[in-house]
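The values are calculated or read from the model by the stated rules, or taken from the named source; none is laboratory data. As the structure is a prediction and not an experimental result, all values here were calculated from the model. Using ideal geometry, Cβ is built from the backbone for each residue, glycine included, and neighbour counts are taken over all protein chains shown. Ligands, DNA and RNA are stripped out before the accessible areas are found, and what is left, the full protein with its side chains, is counted by its heavy atoms. Shrake-Rupley method; radii C 1.70, N 1.55, O 1.52, S 1.80 Å.
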Amino acid sequence: MQQDPAFPLTTSPWIPVTDLDTSEFRDVGLTEALVRAHRLRFDATSQSESIVLLRLMAAALDAACGPSTVPEWDAAWRAETLDAERITAYMDHWAHRLDLFHPQFPAFQCGALTAYNRGAHSLDPASLGGASGAWFSGKLRAARDGVQDYPAWDPAVAARNLLWLLSYDTAGIKGAAPNDPQGKGNRIYGARPGPAGIVTHLHVEAHTLKDLLLLALPPQPRAPGDAPVWEQEQPPTGVRTRAPRGRLDWLTWSTRRVRLCPPAEDGGVDRFALHDGDRIQGQVLDLAQAYDPMTAWSTRANGRGRTPMRFTDDDLGVLKPWAAALILTPSTDRPHTSTALRHAVEAAERGVISPETRLRAVFAAIEWGTQRSVIDNDPVAPVDLGTASQLADPEQRSVMATRARYAEVVQGNLRRAAQELSGRPADLVRTRMTLTNLDLDWDETTGEDETRDGAGREAANRAWDTALHEAVDRAIESFPLDRDRRAKLRATFMTAGAAAPTRTRAVREDPKPAPAQKDAAPSTAPPRRTPPATRGPGRPAAASYDVFGGRYTLSQISRMSECAVTYTTLRNRLTDPGNPDRQWTPQEVEEAATLPAARGRRRTT
């Protein structure tokens, strides 16, 4: 009798990392990922697949030897490596439950399922975008229409896609599992997205996988009865509703009943079973905030409860580069919070994180279509936080938070004034009155010279004020208003009496227009920008690079027509935390500038 092929996730290569010892990009097993985490880098800044893997590795580390107290966490951070002995013993003990094709206990699956109702194409994350969505491809359409077979999945990719499906599968109607008493005509109604699909994810980036995982895991003892899915009994085939047991249970929640068809020897996964799984008992968002540290939250407008924080502007997909700063010092009227970010700030305050270490918050969220039945996009965005030294200083945190709240006030006032003057629908006003192209300007306000006392802070305040008002002017220019009302709207924000960055009180929404501007023709002058090297006395000149036939700073390159990415993306590509003095070749810089940034997911392999 032929044995089912094994693919132990503990030792089989399937997690993509960069090995710092060899500078090699390769896949590793879960055990190596944790044991050598101090010499591996993991990119969790570019796509939602990496967010899913980060959550899994954090749960695995937490189950094996996660710090339960602040002193334990501090000791783990200062240690050269994670506890290799405890990790190896734990992984060896549970290896059979972490085998992708185990005959009784397949990892993250239901071993009782034997009928496979989905083809390989349904394991492609792009299939959740719907046939009319931006993710959908000709390859998927051909498979759906029966024109050609969809190729089988390599087990390593199948494992990653399985976790993605469990985290982000859409809501709606699912096929009922065999003998499920809740099935109606072989269907189950009311399936919900998994816990990861309904929240805004936030983690703090770090240079090594070790530090990344520790920053994602605030110290916490394991709750009684809490366990990751591989330590639990096999779930029944049918749908059940239950309460979460704790953080480990939540991070590995079995949202669906899945079973990958074990491939033939040296083959791939060409079909699988998919049915609804565990549903959550209780208020889902309240439970997510309680159990999931890698989330970000805002207080609802009515003050009752919290809602996932938005890091893009409404449904427009425009990044708000100041979003993370709103969490640093919550305002009294609409506070924001994140356990992971608060954990990083507290570690910085204790002096555990080196003061010069630059930190970034990485946001991710699913953008849903109608009734969460399709996925429109899965944006992932890193946002600068400054250095650990800045985060450790309440006053410097307050400076960044005040600037961020000021941006929120300006945009809100602009939209209210535009809607009042135009009488147009709120959705149209929100779409047109969005402050854009501010990521460069925000990044230039987060240096230590721009948040400490002195001329640097004041210069950065003025620069941020100017950048916001230039963005307002651009939005007004594009808005369909007659000349008088456009001048009136501009007068609200462009006069000398507009709010300064240190104020968060709303400016008046309908002031009398300034006489000099009422009859003025719309401005067509390009936005004014102060060269980065002159913002604040004593600041060093920005680094420059020999590219595109001249020598330019990153700020200048980001504004060239040849550049296909934002300043933030360009700078991130040309930053090597492990070697800050690295000299980049002209070819490397040009490649970094001209390679378009990925938006959405259009994977077909």
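At-a-glance table
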quantity: Segment 222-351: relative contact order as a whole-number percent, Cα under 8 Å and 6+ apart; calculated: 18
quantity: Cα-only radius of gyration and Dmax that characterise segment 414-480, units Å; calculated: 15.0, 44
quantity: Hz values of 3J(HN,Hα) by residue in segment 286-292 - Karplus curve (6.51, -1.76, 1.60), Gly and Pro given as x; calculated: 5, 5, 4, 5, 6, 9, 9
quantity: Using θ = phi - 60° and Karplus 6.51 cos²θ - 1.76 cosθ + 1.60, couplings along segment 193-205 (whole Hz; Gly, Pro as x); calculated: x, x, x, 6, x, 10, 10, 9, 7, 8, 9, 9, 6
quantity: D_trans [Stokes-Einstein, Kirkwood Rh over alpha-carbon pairs] for segment 67-216, 10 °C, 1.306 mPa s, µm² s⁻¹; calculated: 83
quantity: Contact order normalised by residue count of the chain, Cα under 8 Å, 6+ apart, percent; calculated: 13
quantity: Per residue accessible area in Å² of the chain, where ligands, DNA and RNA are left out and the probe is 1.4 Å; calculated: 44
quantity: Packing-based order for 397-410, 75-88, using average beta carbon neighbours within 10 Å, highest first; calculated: 397-410, 75-88
quantity: Percent of alpha-carbon pairs separated by more than 44 Å within the chain; calculated: 23
quantity: Accessible-area value, Ile173, 1.4 Å probe, nucleic acids and ligands omitted, Å²; calculated: 90
quantity: Listed peptides 276-283, 544-551 by packing density, highest first (mean Cβ within 10 Å); calculated: 276-283, 544-551
quantity: Label point distance in nm, Arg242-Thr575, each placed 7 Å from Cα along Cα→Cβ; calculated: 4.2
quantity: Cβ crowding within 10 Å averaged over residues, with 101-109, 421-429, 300-308 ranked highest first; calculated: 101-109, 421-429, 300-308
quantity: Student exercise, segment 234-320 dipole from Lys, Arg, Asp, Glu Cβ charges, in Debye to nearest 20; calculated: 480
quantity: Accessible surface of the chain, 1.4 Å probe, proportion on carbon and sulfur as whole %; calculated: 48
quantity: Leading residue at positive end of dipole, the chain (Cβ point charges), from Gly197, Val28, Met294; calculated: Gly197
quantity: Total charge dipole magnitude, the chain, about the Cα centre, Cβ charges on Lys, Arg, Asp, Glu only, Debye to nearest 20; calculated: 2380
quantity: Distribution of pairwise C-alpha distances over segment 1-41, 10 Å bins, in %; calculated: 31, 44, 15, 8, 2
quantity: Hull-based mean projected area of segment 8-135, where the convex hull spans the alpha carbons, in square nanometres; calculated: 10.4
quantity: Sequence-separation-based contact order of segment 223-263, relative, with Cα cut under 8 Å and 6+ spacing, percent; calculated: 51
quantity: For segment 208-215, 3J(HN,Hα) per residue [Karplus equation, 6.51 cos²θ - 1.76 cosθ + 1.60, θ = phi - 60°, Hz, x = Gly/Pro]; calculated: 10, 4, 4, 5, 4, 5, 5, 5
quantity: Listed residue (Gln234, Leu215, Pro244) projecting farthest to the positive dipole end of segment 209-283, Cβ model; calculated: Pro244
quantity: Dimensionless Rg over Rh [segment 186-295; C-alpha; Kirkwood]; calculated: 1.02
